[in-house]
Amino acid sequence: MRRLDLRHVLGEVDAEELEAEQAEHLDRALRYAEFLGEVLRGSPGWWAQDAACKGYTRTMFPEHGQSAEPAYTLCEVCTVQVQCRQWADETGNAQGGILAGESERNRRSRRVEERRAA
Ligand code: SF4
């Protein structure tokens, strides 16, 4: 069901754009729910309980045009970053968000560099 959107009513966005935007929001919410489910189930390990990002759902998965800086800041002060990074590397389970102070692209580049150096 399509939500009422003032921009659509005012003719600022057409129905197709609105639908694409809403699908993207839903996709992000589902990806983050999956990530949080992993964390809350404790499957990554004891460290997930101490994650600084707990409760900061939208921060860790910044939307298009939204700054990722707050997410990086949380990771910077997080006491379990080492464990988090190891988990992300082992499972590849970043779900498109910022994890252990890295975006998915950063993580892939680092891993390529690490393999080259090995
Ligand atoms: S390092 Fe970042 S993503 Fe990982 S648990 Fe800590 S705050 Fe969350």
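We did not get these values from a lab; they are worked out from the coordinates using the rules stated. Everything numeric in this text was worked out from a predicted model, so none of it was measured. Note that each Cβ is placed from the backbone with ideal geometry, even for glycine, and that neighbours are counted across all protein chains shown.
Computed values, structure above
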| item | result |
| --- | --- |
| Net lengthening on full extension, GLU16/GLU76 (0.36 nm per residue, minus Cα-Cα) | 17.7 nm |
| Table column - 3J(HN,Hα) (Hz), the range 71-77, Karplus curve with 6.51, -1.76, 1.60, x for Gly and Pro | 5, 4, 5, 4, 5, 4, 9 |
| Approximate spin-label separation ASP50-SER67, in nm, with each point projected 7 Å along Cα-to-Cβ | 2.9 nm |
